[in-house]
Amino acid sequence: MKTSAHTQVRKRPVNLTLNEDLVLQVRQLTPNLSGVVEELLIEFVEREMKRRCEQSQQLEATIALWNAFEEQHGAFADEYSTL
């Protein structure tokens, strides 16, 4: 796992409910469960932020295409409008 500047940030205690067997297995691999969880959370946040940014860009591109189509061809409902 990569190290991060996040290690310089003030820490705060939180309560987690974890599978007891999993915790026992992790304890055999590392004495620093908090550090492992923190690194995994950092990776999750980075991945999720990237995914949401990409999703937002795709949405903006789709809206731009739809608006261009409507500008060129009009809305499908225009010929059926009763207004």
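Values as computed for the structure displayed
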item: Yes/no for residue 62 being among the polar types (S, T, N, Q), farther than 28 Å from residue 16 by Cβ and not in a helix (DSSP H, G or I); result: no
item: Looking only at the stretch 25-83, and only at residues there that are more than 30 Å from residue 15 (Cα to Cα) and of a type in the set (Gly, Ala, Ser), the one that is modelled with the lowest pLDDT; result: 81
item: Residue count, the stretch 1-24 (criterion: modelled with pLDDT of 95 or more and touching an Asp or Glu at 6+ places or on another chain (Cβ under 6 Å)); result: 0
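The values are calculated or read from the model by the stated rules, or taken from the named source; none is laboratory data. Only a predicted model underlies this, so the values are computations on that prediction, with no experimental measurement involved. Neighbour counts are summed over all protein chains in view; Cβ atoms, including those assigned to glycine, are modelled from backbone coordinates with ideal geometry.
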